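What follows is one structure encoded as structure tokens, with my remarks underneath.
The values are calculated or read from the model by the stated rules, or taken from the named source; none is laboratory data. Bear in mind that the values here come from a model prediction, so they are computed numbers and not experimental data. FYI the Cβ positions are ideal-geometry reconstructions off the backbone, even for glycines, and counts take in every protein chain you see.
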């Protein structure tokens, strides 16, 4: 399994108890979707290694207590503090204005007047306000990701149309002193 064919699910944070169980801290808005996992891929030394789950239970609202099938102490130790992935094929298809962040990388952002606002390079979800990072005319443009602003997500033509406040994009295109 290649990392490009997977999505980040969370991280194995620590051991739990003496029976070789681990805690998987999930990075998702809907942890309940993952209460019946059969297997996961753990990134070890740059490779995705399959781990098969014997049983799991909730440790907290966003953390699973997992027991692996046929695992040794050494294998459990190798999984600690490692990122966990699942295949993209396990994600349900989204429609309408809903989208997965990884899905829209490379999409063009257009405002309500069909004005180009750049191509999505990444989405920052590490702050209180998530935002698109686009590239427009060689400049980085940051656009807040506000669901109410999204007018359309067109997967076939690879664009997202959003209703932006007047002048937002212009702020990024004003020449700075170093550009002059």
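What to note about this one:
For every residue, the table says whether it meets (1) closer than 30 Å to residue 160 by Cα; (2) touching a strand residue (DSSP E or B) at 6+ places or on another chain (Cβ under 9 Å).
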position: 19; (1), (2): no, yes
position: 59; (1), (2): no, yes
position: 66; (1), (2): no, yes
position: 72; (1), (2): no, no
position: 80; (1), (2): no, yes
position: 92; (1), (2): yes, no
position: 97; (1), (2): yes, yes
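- Segment 47-73 - residue that is under 12 Å from residue 85 (Cα atoms) and without any contact (Cβ under 8 Å) to a residue 40 or more places away in the chain and, of those, surrounded by the fewest Cβ atoms within 10 Å (Cβ to Cβ): 47
- Whichever residue in segment 1-20 is at pLDDT below 90 and surrounded by 15 or more Cβ atoms within 10 Å (Cβ to Cβ) and, among such residues, is farthest from residue 74 (Cα to Cα): 16
- Scan segment 104-129 for residues that are on the phi > 0 side of the Ramachandran plot and either touching a helix residue (DSSP H, G or I) at 6+ places or on another chain (Cβ under 9 Å) or surrounded by 13 or more Cβ atoms within 10 Å (Cβ to Cβ) (or both) and the total you get is 1.
- Scanning segment 130-180 for residues that are assigned to a loop (DSSP other than H, G, I, E, B), modelled with pLDDT of 90 or more and exposed (fewer than 10 other Cβ atoms within 10 Å of the Cβ) gives 156, 157.
- Residue within segment 63-81 that is over 30 Å from residue 154 (Cβ atoms) and within 16 Å of the chain's Cα centre (by Cα) present: no
- Subset tally (residues that are more than 15 Å from the chain's Cα centre (by Cα) and part of a strand (DSSP E or B)) for segment 106-128: 8
- Failed item, numbered, when residue 85 is tested on (1) touching a strand residue (DSSP E or B) at 6+ places or on another chain (Cβ under 7 Å); (2) loosely packed, with under 13 Cβ neighbours inside 10 Å; (3) not in a loop (DSSP other than H, G, I, E, B): (2)
- Tally of residues being in contact with a strand residue (DSSP E or B) (Cβ under 9 Å, 6 or more places away or on another chain), closer than 20 Å to residue 100 by Cβ and not in a loop (DSSP other than H, G, I, E, B) across segment 1-17: 8
- Among the residues of segment 21-46, the one identified as touching a helix residue (DSSP H, G or I) at 6+ places or on another chain (Cβ under 6 Å) and surrounded by fewer than 18 Cβ atoms within 10 Å (Cβ to Cβ) is 44.
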